[in-house]
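Colleague: Pasting a structure here, questions to come.
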Amino acid sequence: MNVIVCIKQVPNTTNVQIDSTTGTLKREGVESIINPFDEYAIEEAVRIKERTNGKVTVLTMGPPQAESALREAIARGVDNAVLVSDRAFAGADTWATSYTIAQAIRTIAEYDLIICGKQATDGDTAQVGPGVAEMLDIPHVAYVKKIEEIKPNYMKVERMMEDGYDIIEMPLPALITVVKEINTPRLPSLRGMMNSKKAQILQLTAEKIKAEKDNIGLTGSPTQVMKVFSPPPRQGGMKIDGSPEEVAETLVSKLKGSQLV
Amino acid sequence: MSNQIKVIQDKCIGCALCVKSCPFGAIVLVDRPEHPKKLKLAVIDLHKCTFCGACMEACKKFGAIELIKEEPINLDIDPSHYRGIWVYAEQRHGEISPVVFELLNEGGRLAKKLDVPLSAILIGSNIESKAQTLIQHGADKVYVYDHPIFVEFLDDPYSDILAHLLEQEKPEIVLMGATNIGRSFASRVAAKIRTGLTADCTALDVDLSNRNLMQTRPAFGGNIMATILTPRHRPQMATVRHKVFKPSQKDESRKGEIVKKPFDAEKLINRTNFLQFIKDTSAKVNLADADIIVSGGRGLGKPEGFRIIEELAEAIGGAVGSSRAAVDSGWIPYSHQVGQTGRTVSPKIYFACGISGQIQHLVGMGSSDVIVAINKDPHCPMMKVATYAIEGDLYDIVPWIIKEIKKQNS
């Protein structure tokens, strides 16, 4: 079974510092990592490959530096990597990104399944996965927490919802977006790291994927950023001191006073 | 011509204001050994730049950054053909989702400003009786699709019918809840009808001069806010975060129109098949809808610690949440996790018991109205952002809070 994993390189916010005077993220020197949700997507794809004897292709759209994310995916067990990169893609919103990724997928290979992380931690939209499915005219299920069954032309998944989960079946090819609960990603293996160093990465430009100029980059994006600003940092409140009993009394009366309890 | 952005070398003094302002980390300072004062120079990485203009704003004083945006492509869309505000009336198992009443309230405010009607679209099975509820909460018109094919939410038929209706009726704005359902299929609809979609908005307004919807949303986990426009495409679609806007008041005397459009269920795209719903029995109160959330973290020290968290949640009528650390330790299921890789919540009160407040957790609950932090470490980030910070052992303090609440309730 052939699986394509779509990933994104994002700034690592794990060890990020907040500038205490401005309350904004200190972005200088922040390293780039694979979007955390995409690690679950990569792991799930590799597990499917191991069960069904297929191939996993990882694909990203981004600047040339995103190659390092692809190499890391190879170290985690992915077979092939595709970098979709062109200055003409810059400024793409989720519509133009979905279009570009769908065009790239059409260019590269036959596939049974596409897996994306639920959302990226920088944009937080969760829109590109379903958008790619629509552009490719295949079904999708978002928020998948478990693949119950997968075989040629068929899969059954559990979709996480606010009040529980739904069990859904669908024909392949299809696209799923996955949440953290689906698996525990493995660490890169030594062999994987060796492979990742020498792996050839397929480079795709706007021309190679036959992208329509009016559908890519900022030009092809229906949404435009009007302004970007830092929200005022959240102000701390008051400290409640005293014995546990006094503290509890003060707190409950404060909450009651604001009619929240 | 494509978009162009450049740094005017003579004007740049290497102050780094632009570097700090760039939400995408696309600007770096490089040395300029040839410069008489050895000033640094800002360089923009065009692969990362999205031409948002934040740097130009930051560089106002020096005017060293020049941005030329490409002429918009010529579209066959005349925005004046699109009128009215629509709210997608999401339902789950036959009940209208709470976010819908918030959308009716905010949508109603915008409709008044634009002087257009507010419509709702209701898709489900045996659902028609709910149309009246939507009218009582502010809808002037409700489009109803009541058919067994819609009994459970599936992306294919729901996106197909909504896309068709939007193309026929041409509203100018469509608001949907940023719920699992809304975020799953709104993007499919926007892709089908080639329009813009802005995710998880926390503030909305309209520009009366051009009827543009100004959609403000957090990005980078809430560390920056962006205001987004869909200037040339219609309808302007947005998903809106739950609990940001107040729900509309019910008015039983309100009158409205119910519209049932004929459609052929056989012709709808319908590739997925719904088998079963399994309810989460571990949660008495749904995290997303809860007004009060009591969360426990690493500071609990042991899985049994969640008993006291559950007890407080029950006493105060709230839901149980957790930090990632507690989930990763296997103390509580992932469905309770709040934060970057879990859920984003904005309750009225958030209790953080034994949660230090890593940035990944803060971004998932930082917009709560009131934060109560109970922690042994007075210097941890959670204690700094808390409305009420209580230093001490949660096992000493929480039982007293439970006792006090029970006393007040009785």
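Colleague: Could you tell me which numbered condition A:ALA92 fails, if it satisfies all but one of (1) out of contact with any strand residue (DSSP E or B) (no Cβ under 7 Å at 6 or more places or on another chain); (2) hydrophobic (A, V, I, L, M, F, W, C); (3) in a helix (DSSP H, G or I)?
Modeller: (3)
Colleague: Given the structure, is B:VAL28 within 12 Å of chain A (Cβ to nearest Cβ) and in a strand (DSSP E or B)? Before the answer, list the steps.
Modeller: Working: within 12 Å of chain A (Cβ to nearest Cβ): yes; in a strand (DSSP E or B): yes.
Here the answer is yes, as B:VAL28 does meet what is asked.
Colleague: Among the listed residues B:ILE355, B:ILE309, identify the single one that is part of a helix (DSSP H, G or I), modelled with pLDDT of 95 or more, of a type in the set (A, V, I, L, M, F, W, C) and in contact with a strand residue (DSSP E or B) (Cβ under 8 Å, 6 or more places away or on another chain). Spell out how you get there, then give the answer.
Modeller: Details: B:ILE355 fails: part of a helix (DSSP H, G or I).
Unique residue meeting the criteria: B:ILE309.
Colleague: When only residues in the stretch B:316-336 that are of a type in the set (S, T, N, Q) and at pLDDT below 95 count, which is nearest to B:THR179 (Cα to Cα)? Give the derivation first.
Modeller: Our first condition is that a residue be of a type in the set (S, T, N, Q); within the stretch B:316-336, this holds for B:322-323, B:329, B:335.
When the remaining residues are screened for being at pLDDT below 95, the result is B:329, B:335.
Details: B:SER329: 27, B:SER335: 14 Å.
Filtering the stretch B:316-336 for residues that are of a type in the set (S, T, N, Q) and at pLDDT below 95, the one nearest to B:THR179 (Cα to Cα) comes out as B:SER335.
Colleague: Still on this structure: Restricting the search to the stretch A:76-91, which residues are at the interface with chain B (Cβ under 8 Å from one of its Cβ atoms) and among the hydrophobic types (A, V, I, L, M, F, W, C)? I'd like the intermediate steps shown before the answer.
Modeller: First, the residues of the stretch A:76-91 that are at the interface with chain B (Cβ under 8 Å from one of its Cβ atoms): A:85, A:87-88, A:90-91.
Correct list: A:ALA88, A:ALA90.
One line per residue, one yes/no per condition, for (1) in a loop (DSSP other than H, G, I, E, B); (2) out of contact with any Lys or Arg (no Cβ under 8 Å at 6 or more places or on another chain); (3) within 24 Å of B:ARG183 (Cβ to Cβ):
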residue: B:ILE77; (1), (2), (3): yes, no, no
residue: B:TRP86; (1), (2), (3): no, yes, yes
residue: B:VAL100; (1), (2), (3): no, yes, yes
residue: B:GLU106; (1), (2), (3): no, yes, yes
residue: B:LYS112; (1), (2), (3): no, yes, no
residue: B:ASN126; (1), (2), (3): yes, yes, no
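Colleague: Return the only residue of B:ALA389, B:ALA373 being among the aliphatic types (A, V, I, L, M), within 9 Å of chain A (Cβ to nearest Cβ) and not in a helix (DSSP H, G or I). Let's see the steps before the verdict.
Modeller: On the way: B:ALA373 fails: within 9 Å of chain A (Cβ to nearest Cβ).
Exactly one of B:ALA389, B:ALA373 is among the aliphatic types (A, V, I, L, M), within 9 Å of chain A (Cβ to nearest Cβ) and not in a helix (DSSP H, G or I), namely B:ALA389.
Colleague: So A:ARG51 passes all but one of these: (1) surrounded by 23 or more Cβ atoms within 10 Å (Cβ to Cβ); (2) more than 18 Å from the chain's Cα centre (by Cα). Which condition number does it fail?
Modeller: The failed condition is (1).
Colleague: Within the stretch A:152-165, is even one residue touching a residue at least 60 places away in the same chain (Cβ under 8 Å), out of contact with any His (no Cβ under 6 Å at 6 or more places or on another chain) and either surrounded by fewer than 22 Cβ atoms within 10 Å (Cβ to Cβ) or in a strand (DSSP E or B) (or both)?
Modeller: yes
Colleague: Let me ask something else. If B:LYS20 satisfies every condition in (1) part of a loop (DSSP other than H, G, I, E, B); (2) farther than 20 Å from A:PRO64 by Cβ; (3) within 14 Å of chain A (Cβ to nearest Cβ) but one, which is the exception?
Modeller: So the condition that B:LYS20 fails would be (1).
Colleague: Additional query: Based on what the data block shows, is B:MET176 assigned to a strand (DSSP E or B), modelled with pLDDT of 95 or more, under 21 Å from the mean Cα position of the chain (by Cα) and over 15 Å from A:PRO222 (Cβ atoms)?
Modeller: On the way: assigned to a strand (DSSP E or B): yes; modelled with pLDDT of 95 or more: yes; under 21 Å from the mean Cα position of the chain (by Cα): yes; over 15 Å from A:PRO222 (Cβ atoms): yes.
For B:MET176, the condition - assigned to a strand (DSSP E or B), modelled with pLDDT of 95 or more, under 21 Å from the mean Cα position of the chain (by Cα) and over 15 Å from A:PRO222 (Cβ atoms) - is met.
Colleague: Please determine, by comparing only the residues of the stretch B:149-177 that are within 10 Å of another protein chain (Cβ to nearest Cβ) and of a type in the set (D, E, K, R), which one is surrounded by the most Cβ atoms within 10 Å (Cβ to Cβ). Show your work before the answer.
Modeller: Narrowing the stretch B:149-177 to residues within 10 Å of another protein chain (Cβ to nearest Cβ): B:152-156, B:159, B:163.
Within this subset, residues satisfying the condition of being of a type in the set (D, E, K, R) are B:152, B:155-156.
Numbers: B:GLU152: 18, B:ASP155: 27, B:ASP156: 21.
This residue is B:ASP155.
Colleague: Only one residue in A:ALA133, A:ALA96, A:ALA142 is within 14 Å of chain B (Cβ to nearest Cβ), surrounded by 24 or more Cβ atoms within 10 Å (Cβ to Cβ), more than 15 Å from A:VAL3 (Cα to Cα) and over 13 Å from the mean Cα position of the chain (by Cα), so which one is that?
Modeller: Details: A:ALA133 fails: more than 15 Å from A:VAL3 (Cα to Cα); A:ALA142 fails: over 13 Å from the mean Cα position of the chain (by Cα).
Sole residue among the options that is within 14 Å of chain B (Cβ to nearest Cβ), surrounded by 24 or more Cβ atoms within 10 Å (Cβ to Cβ), more than 15 Å from A:VAL3 (Cα to Cα) and over 13 Å from the mean Cα position of the chain (by Cα): A:ALA96.
Colleague: Determine whether B:ILE359 is more than 8 Å from chain A (Cβ to nearest Cβ) and touching a residue at least 60 places away in the same chain (Cβ under 8 Å).
Modeller: Details: more than 8 Å from chain A (Cβ to nearest Cβ): no; touching a residue at least 60 places away in the same chain (Cβ under 8 Å): yes.
Against the criterion (more than 8 Å from chain A (Cβ to nearest Cβ) and touching a residue at least 60 places away in the same chain (Cβ under 8 Å)), B:ILE359 does not qualify.
Colleague: When the residues of the stretch B:334-371 are narrowed to those that are of a type in the set (Val, Ile, Thr) and in contact with a Lys or Arg (Cβ under 9 Å, 6 or more places away or on another chain), which ends up surrounded by the most Cβ atoms within 10 Å (Cβ to Cβ)? If you could, list the steps in order and put the result at the bottom.
Modeller: Filtering the stretch B:334-371 for residues of a type in the set (Val, Ile, Thr) gives B:338, B:341, B:344-345, B:349, B:355, B:359, B:363, B:370-371.
Those still in the list that are in contact with a Lys or Arg (Cβ under 9 Å, 6 or more places away or on another chain) too: B:338, B:341, B:344-345, B:355, B:370-371.
Working: B:VAL338: 30, B:THR341: 24, B:THR344: 21, B:VAL345: 24, B:ILE355: 32, B:VAL370: 18, B:ILE371: 25.
If we take residues in the stretch B:334-371 being of a type in the set (Val, Ile, Thr) and in contact with a Lys or Arg (Cβ under 9 Å, 6 or more places away or on another chain), then B:ILE355 is surrounded by the most Cβ atoms within 10 Å (Cβ to Cβ).
Colleague: Six or more apart or on different chains, Cβ atoms under 7 Å: show the pairs whose first residue is in the stretch A:83-105 and under 15 Å from A:ASP214 (Cβ atoms) and whose second is among the basic types (Lys, Arg) and modelled with pLDDT of 95 or more.
Modeller: A:GLN103/A:LYS210
Colleague: Only one residue in A:VAL228, A:VAL179 is in contact with a Pro (Cβ under 6 Å, 6 or more places away or on another chain) and within 8 Å of another protein chain (Cβ to nearest Cβ), so which one is that?
Modeller: From the options A:VAL228, A:VAL179, the qualifying one is A:VAL228.
Colleague: Further question on the same structure: Output yes when any residue across the stretch A:162-173 is out of contact with any Phe, Trp or Tyr (no Cβ under 8 Å at 6 or more places or on another chain) and more than 9 Å from every other protein chain (Cβ to nearest Cβ), and no when none is.
Modeller: For the stretch A:162-173, residues out of contact with any Phe, Trp or Tyr (no Cβ under 8 Å at 6 or more places or on another chain) and more than 9 Å from every other protein chain (Cβ to nearest Cβ): absent.
Colleague: For B:TYR143, are the conditions met, namely being in a strand (DSSP E or B) and within 22 Å of B:ASN126 (Cα to Cα)? If you could, list the steps in order and put the result at the bottom.
Modeller: Values: in a strand (DSSP E or B): yes; within 22 Å of B:ASN126 (Cα to Cα): yes.
Spelling it out, B:TYR143 is indeed in a strand (DSSP E or B) and within 22 Å of B:ASN126 (Cα to Cα).
Colleague: For B:VAL100, state whether it is closer than 30 Å to A:PRO171 by Cα, in contact with a Leu (Cβ under 8 Å, 6 or more places away or on another chain) and buried (at least 20 other Cβ atoms within 10 Å of the Cβ).
Modeller: Numbers: closer than 30 Å to A:PRO171 by Cα: no; in contact with a Leu (Cβ under 8 Å, 6 or more places away or on another chain): yes; buried (at least 20 other Cβ atoms within 10 Å of the Cβ): yes.
Answer is no for this residue.
Colleague: Same structure again: Which of the residues spanning the stretch B:182-211 are assigned to a helix (DSSP H, G or I) and either crowded, with 23+ Cβ neighbours inside 10 Å or of a type outside the set (A, V, I, L, M) (or both)?
Modeller: Step one: list which residues in the stretch B:182-211 are assigned to a helix (DSSP H, G or I), which gives B:182-193.
B:GLY182, B:ARG183, B:SER184, B:PHE185, B:ALA186, B:SER187, B:ARG188, B:VAL189, B:ALA190, B:ALA191, B:LYS192 - these are the residues of the stretch B:182-211 that are assigned to a helix (DSSP H, G or I) and either crowded, with 23+ Cβ neighbours inside 10 Å or of a type outside the set (A, V, I, L, M) (or both).
Colleague: Any idea which of B:CYS55, B:CYS49 is surrounded by 23 or more Cβ atoms within 10 Å (Cβ to Cβ) and not assigned by TED's automatic domain parsing to the domain that holds B:PHE245?
Modeller: Values: B:CYS49 fails: surrounded by 23 or more Cβ atoms within 10 Å (Cβ to Cβ).
The conditions single out B:CYS55.
The values are calculated or read from the model by the stated rules, or taken from the named source; none is laboratory data. These figures come from a predicted structure and were not determined experimentally. Ideal geometry is used to build each Cβ from the backbone, glycine not excepted, and the neighbour counts take in all protein chains shown.
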